[in-house]
Amino acid sequence: MTDLAAIYDELGRRCTHDEFAGAYRTAYLRGERDLAPSEPSTRPLGLLATAVPRLISLAVATYAVHVLPEVDTPERAALEDELLATIDATAAGSLRRCHLALDADGRDRGYTADEWLPVIYNVADDALRRAAVTDDPPPVVHLSQDAARWVATAIDTFDRDAPTVTDALADALGRLLIVCMFADIAGRHARAAQH
C-alpha cells in the first residue's frame, strides 16, 4: 500500500531547476509511448485536442488513488498499480502533447519551446510551494484539474490566435510536471512496498 503522506513529503522538498529539468526530460521521453504512429495531427490544436481525454482520465485516476480504502489486500494493490500506471501514462502523454503544441506554435511565432522551460519550472516550483498535504482536494488532484483547465484555455487562445497561448501552455506544463513527478515517486514507493 502506498503511503501518500510520504510521497507528498518527498514531492514537497524544494527542487532546483536542474531537478525539474531532469524530471521534465524523463516525462517528455516517457510520453512518447503514448503517441500513436498515426497521431491525428502535429498542429497545436490537434495535439491539445488529443490531450483532453487523457487529462480527464488523469483527473479521475488521481482522485481515485486518494480515496482508495486503506486496507492491505491484493485487490487494492492491483487497483492502485493500475491507477498509478494510468496517472503516469496520461500525465506524461499530456505533457508531451502540450510541449509539442508549444513547439509547433513557436515555429509559427518565432520562439522555441526550450525558451519557455524556465517559466514552466517556475510554475511547478510555485505550485509545490503552495501545495499542502491537507489540501482539499489533495494537491495532485487539484493540479490535474488545473492542467486540464489550462489546456482548455490554450485551445481557446489558439482558436482566437491570441499570443497568450504560451502562458496557458506553460501553466499546464508546470502542473503536469508536478503530477509526473508524483507518479514517479508513487511508482517507486509502490515497488518498494511490494518487495
Query - Lone qualifier among ALA101, ALA186 - being touching a residue at least 24 places away in the same chain (Cβ under 8 Å) and either touching a Pro at 6+ places or on another chain (Cβ under 6 Å) or not in a helix (DSSP H, G or I) (or both) - result: ALA101
Query raised in the report: Quick one: in the range 38-91, which of the residues that are among the polar types (S, T, N, Q) and within 30 Å of THR166 (Cα to Cα) is farthest from the chain's Cα centre (by Cα)?
Result: SER38
Query raised in the report: Considering only the range 105-128, how many residues are under 20 Å from ALA91 (Cα atoms) and not aromatic (Phe, Trp, Tyr)?
Result: 13
Query - Any hit, the range 158-175, residues being over 20 Å from ARG109 (Cα atoms) and in contact with a helix residue (DSSP H, G or I) (Cβ under 6 Å, 6 or more places away or on another chain) - result: yes
Report task. Report, by residue number, each residue of the range 87-110 that is closer than 17 Å to ALA21 by Cβ and acidic (Asp, Glu). Result -> ASP103
Report summary line: When (1) more than 21 Å from ILE56 (Cα to Cα); (2) more than 18 Å from the chain's Cα centre (by Cα); (3) not hydroxyl-bearing (Ser, Thr, Tyr) are applied to LEU128, the one that fails is (2)
Query raised in the report: Does ALA59 fit the bill of being under 30 Å from THR157 (Cβ atoms), in a helix (DSSP H, G or I) and modelled with pLDDT of 90 or more?
Result: yes
Requested in this report: Inspect the range 108-124 for any residue being surrounded by fewer than 23 Cβ atoms within 10 Å (Cβ to Cβ) and out of contact with any helix residue (DSSP H, G or I) (no Cβ under 9 Å at 6 or more places or on another chain) and give the result as yes or no.
Outcome: yes
Query raised in the report: Limited to the range 68-96, what total is found for residues that are surrounded by fewer than 24 Cβ atoms within 10 Å (Cβ to Cβ), of a type in the set (Val, Ile, Thr) and modelled with pLDDT of 90 or more?
Result: 1
Query raised in the report: Name the residues in the range 123-138 that are more than 16 Å from TRP150 (Cα to Cα), of a type outside the set (Asp, Glu) and part of a helix (DSSP H, G or I), would you?
Result: LEU128, ARG129, ARG130
Query raised in the report: Take the residues of the range 1-39 that are outside any helix (DSSP H, G or I), within 17 Å of GLY187 (Cβ to Cβ) and not acidic (Asp, Glu): which is modelled with the highest pLDDT?
Result: THR2
**Report entry** Cβ pairs under 8 Å, 6+ apart, first in the range 135-149 and under 17 Å from ASP3 (Cβ atoms) and modelled with pLDDT of 90 or more, second of a type outside the set (Lys, Arg) and outside any helix (DSSP H, G or I)
**Finding:** PRO139/ALA131; PRO139/ALA132; PRO139/VAL133
Query raised in the report: If we scan the range 40-47, do we find a residue that is part of a helix (DSSP H, G or I) and basic (Lys, Arg)?
Result: no
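The values are calculated or read from the model by the stated rules, or taken from the named source; none is laboratory data. Here the structure is a predicted model, which means the values were calculated and not measured. Every residue, glycine among them, receives a Cβ derived from its backbone with ideal geometry; neighbour counts consider all protein chains shown.
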